[in-house]
Amino acid sequence: MSDKPFQRFRTFLMFGAPGSGKGTQGVVLGTIPRFHHMACGDVFRSLDTRTPLGQEFVEYSSRGQLVPNETTVKLWRANIHDQVKAHRFKPDIDFLVLDGIPRNVEQARFMEEDIDVLHVFHLSCPDRSELARRLRKRALKDNRFDDANDEVIQKRIRTYEEESKPILEYYSQGKYAGREIVTDVDASQPPVRVVHTILSRIMKLEAWKEVETLVV
């Protein structure tokens, strides 16, 4: 990694309702050189519960409580900086691809000092019955039978509508107004068409052209 200083991580957000395929698209992008994928779930799965932050997480989760937004972002921040130190993520030449975080507007505000959001890909699937079908299929495939329950699925979709979807408005207003960084992508298409749409949009960005000259 070069010694050139960087400020915030150049970031693409994969965003959408549960079952929209944002995790799938994040994983696909992460296999391409110069893209580093990070899912929110990875942060919690790799958590060291012996650290003070890990203990804070355990304190909430053991009581069945939601982890506060500020704590979630602190955990994410510690994880991504560990990846930089280990040279798995090289922020001077790599783009960061996030899915599952930020999960709400408050988290987005907390993360402003860490990430420079270049684009938000909204994987749109207005047909909620299709989302439910995908979630049931995924739950059964992963042997998470409780997650295949229709009531659980509908609750997850409602939570997205109420808490997460306002993020799209956040990245369209304020300092982001006029930048047009949100692209709606039809998530009902085959995954290969979705990733083609995403990559086509990325390759038109100035930030991509700048990095491309460094790695050719």
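The values are calculated or read from the model by the stated rules, or taken from the named source; none is laboratory data. Here the structure is a predicted model, which means the values were calculated and not measured. Every residue, glycine as well, gets a Cβ built from its backbone with ideal geometry; the counts of neighbours run over all protein chains shown. Ligands, DNA and RNA are stripped out before the accessible areas are found, and what is left, the full protein with its side chains, is counted by its heavy atoms. Shrake-Rupley method; radii C 1.70, N 1.55, O 1.52, S 1.80 Å.
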For this session: Would you kindly give the portion of the calculated P(r) for segment 153-216 that falls above 16 Å, as a percent of all Cα pairs?
Result: 66
For this session: Pop a pseudo-label 7 angstrom from the Cα along the beta-carbon direction at both Ser200 and Arg8 and give the gap in nm to one decimal.
Result: 2.9
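With the full set of protein chains in place, find how many percent of the accessible area of the chain is carbon and sulfur; take the probe as 1.4 Å. Could you put the intermediate results ahead of the total?
Values: 6180 of 12160 Å².
That fraction is 51 percent.
Per the Kirkwood formula on distinct C-alpha pairs, the Rh of segment 73-202 is how many angstrom?
16.9
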For this session: Would you please state which residues of segment 12-46 a label at Asp92 would reach in this model, taking the label point 7 Å out along Cα→Cβ and a backbone N cut-off of under 18 Å?
Result: 34-36
For this session: Multiply the residue gap between Arg179 and Arg109 by 0.36 nm, knock off their C-alpha separation, and tell me the result in nm, one decimal place.
Result: 23.4 nm
Exercise. Nearest 20 debye, what's the magnitude of the dipole of the chain about its Cα centre given +1 on Lys and Arg Cβ and -1 on Asp and Glu Cβ?
Worked result: 500
Exercise. Using only Cα atoms, what is the ratio of the radius of gyration of segment 37-100 to 2.2 N^0.38 Å?
Worked result: 1.18
Seminar exercise, completed: Residue-normalised value, i.e. accessible area per residue, for the chain at 1.4 Å probe, in Å², stands at 56
For this session: Name all residues of segment 9-52 having a backbone nitrogen under 18 Å from the label point set 7 Å from the Cα of Asp116 along its Cα→Cβ direction, giving them as ranges.
Result: 9-13, 34-36
Problem set entry | Among Gln83, Val58, Thr72 - extreme Cα towards positive end, dipole of segment 48-93, charges at beta-carbon | Gln83
Problem set entry | Mean Cα-pair separation over length for the chain, i.e. relative contact order, pairs under 8 Å, 6 or more apart, % | 30
For this session: Mind telling me which of Thr183, Thr51, Thr197 comes out most flexible in a GNM of the chain, alpha-carbon contacts under 10 Å?
Result: Thr51
For this session: With label points built 7 Å along Cα→Cβ from the Cα atoms of Thr24 and Asp127, find their separation and express it in nm.
Result: 1.3
For this session: Using the structure shown, list the pairs from Lys137/Lys175; Lys74/Lys165; Lys74/Lys209; Lys85/Lys155; Lys90/Lys141; Lys22/Lys204 with a Cα-Cα distance above 29 Å, or answer none.
Result: Lys137/Lys175; Lys74/Lys209; Lys85/Lys155; Lys90/Lys141
